[in-house]
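Since the structure comes first, as structure tokens, the remarks are kept for the end.
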Amino acid sequence: MAADCLGADGPHGVIYWRKRRMVVVDKENCKGCARCVAACPKKCLEIGEELNSMGVKSVKYKGEGCISCGICFYNCPEPYALRVEK
Ligand code: SF4
Ligand code: SF4
């Protein structure tokens, strides 16, 4: 079952849970250092091909695998480049 499923039939009826949120990148504040890429235990970050307004290839989320652990956030030297929502 999908991790972000909002409802499912269970033995005691329909179970609902909040949609799980993941890592969110602000590419304009990213310096492309890739510290977060190296630190991510799930290997779900990568440096993208798209340039931000400073001409930097910023990090991007691969789209799956994030467990919201926050390790990327604590390894990032830029205060507003990424955040992890739970
Ligand atoms: S929160 Fe954890 S799993 Fe998700 S991208 Fe960051 S380091 Fe990887
Ligand atoms: S999000 Fe932070 S750690 Fe990751 S590449 Fe950008 S500046 Fe570096």
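All of the numbers you see were taken from the coordinates with simple rules; none came from a lab. As the structure is a computational prediction, the values presented were derived from the model and not from experiment. In this analysis, Cβ positions are derived from the backbone assuming ideal geometry, glycine residues included, and neighbour counts consider all displayed protein chains.
General observations
- Each peptide in 30-41, 63-74, 47-58 receives the mean, over its residues, of other Cβ atoms within 10 Å, and ordering these scores from highest gives 30-41, 63-74, 47-58.
- For VAL59, the residues 5 or more places off, or on other chains, whose built amide H falls under 5 Å of its own are GLY32, GLY48.
- Diagonalising the gyration tensor over the Cα atoms of the stretch 21-84 and scaling each eigenvalue by 5 before taking the square root yields semi-axes of 18, 12, 10 Å, largest first.
- In Hz, Karplus ³J(HN,Hα) per residue of the stretch 31-36 (6.51, -1.76, 1.60; θ = phi - 60°; x = Gly, Pro): 9, x, 6, 6, 4, 5
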